[in-house]
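Chemist: Starting off with a structure, shown below.
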Amino acid sequence: MIFIISDGIDNSTNIVINWLKYYNIKYCVLNSKTKIKIKYISLNEFVIELNNIKIESNEIIGYWFRNEVSIISNNSEKLKIHDKNLVSYIKQHELAELDTMLSYIFYVIESKKTIGCYYKRSINKLLALKEAKSIGIDIPLLTKTIGGAFNFNNEDIKLKSYSEIFDPYSLISSEFSPSLIQKYIEKNYEIRTFFFKGSFHSMAIFSQKNEHTIVDMKKSIPIRNRSVPYKLPKLIEEKLLEFMKKLDLDTASIDIIKGKDGKFYFLEVNQFGIFSNVSNLCNYYLEKKITDYLITD
């Protein structure tokens, strides 16, 4: 059985599941809608139920931590207590207990064949830039949030953060929320690289030819930018490999720009970055590579 943790809306996860079905390999997916119940746990094994389906640790042969999800417990019983404060305290205690048990369950699972890691759910963007620079990777010296992209969505309001150019002399106030401010680099093109178990799969995106994506290719546009398979120079790949080892990541998406000055500038790394476009547009079949890795001895 292959154990997958994914948010349920990731296209690459669905493609991997289709490959597992093709190979007739059992799988289970833990997402934000899955109800988990811990039936038994010891130092070496566990038994859980996912949506009432029983799973024993010795059934699991491979594990893919695709991205972080909110986990719903099915362990608690209805409390016959009228004190709301006490009920709230007990619920918080149960969640803390569940988190402790799940952390150990994922520790046991990660002794199997693993892609990704539960214990590396976040990357400090400032630390990543510092590590990249220490290895000799060029970085821009665009405004950007430090923690990650800002996304807000409801029926009335949709907000999303992008990188943008600004004139520091045009600031209304001398004080503002902490932001990552970097020197703007004129680019020839952008590069999205999917790193997987020591190998790089890259795609060049000619976003500078579109007025909407000159600064940030993540902006929604009606016409897709031209994207082609790309091979990074060997020296850049060697530096990036050392960088990934420093961060202890076995898979991630990396954003790079090729400046008009001929240099390659590292922008960011995201262990949960979307890579289906790299896979599809460049015919890399990355989801099949992931499936084959998980099921092969």
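For (1) of a type in the set (Gly, Ala, Ser); (2) on the phi > 0 side of the Ramachandran plot; (3) at pLDDT 95 or above, each residue gets a yes or a no:
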| position | (1), (2), (3) |
| --- | --- |
| LYS197 | no, yes, yes |
| ARG226 | no, no, no |
| GLU238 | no, no, yes |
| LYS245 | no, no, yes |
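Chemist: Please pick out the residue among THR114, THR100 that is at pLDDT 85 or above and under 21 Å from ILE290 (Cα atoms).
Modeler: THR114
Chemist: Looking only at the stretch 239-268, count how many residues are farther than 25 Å from ASN67 by Cβ and either among the polar types (S, T, N, Q) or exposed (fewer than 13 other Cβ atoms within 10 Å of the Cβ) (or both).
Modeler: 4
Chemist: So, THR34, is that one within 28 Å of GLN271 (Cβ to Cβ), surrounded by fewer than 14 Cβ atoms within 10 Å (Cβ to Cβ) and not assigned by TED's automatic domain parsing to the domain that holds LYS245 or not?
Modeler: No: the conditions fail for THR34.
Chemist: So, one more: Of all residues in the stretch 43-70, which are surrounded by fewer than 17 Cβ atoms within 10 Å (Cβ to Cβ), at pLDDT below 90 and not acidic (Asp, Glu)?
Modeler: If the condition is that a residue be surrounded by fewer than 17 Cβ atoms within 10 Å (Cβ to Cβ), at pLDDT below 90 and not acidic (Asp, Glu), then LEU43, ASN44, ASN51, ASN52, SER70 are the ones that fit.
The values are calculated or read from the model by the stated rules, or taken from the named source; none is laboratory data. Source: prediction; values computed, not measured. Quick reminder, even Gly has a Cβ in these numbers, built from the backbone with ideal geometry, and neighbours come from all protein chains shown.
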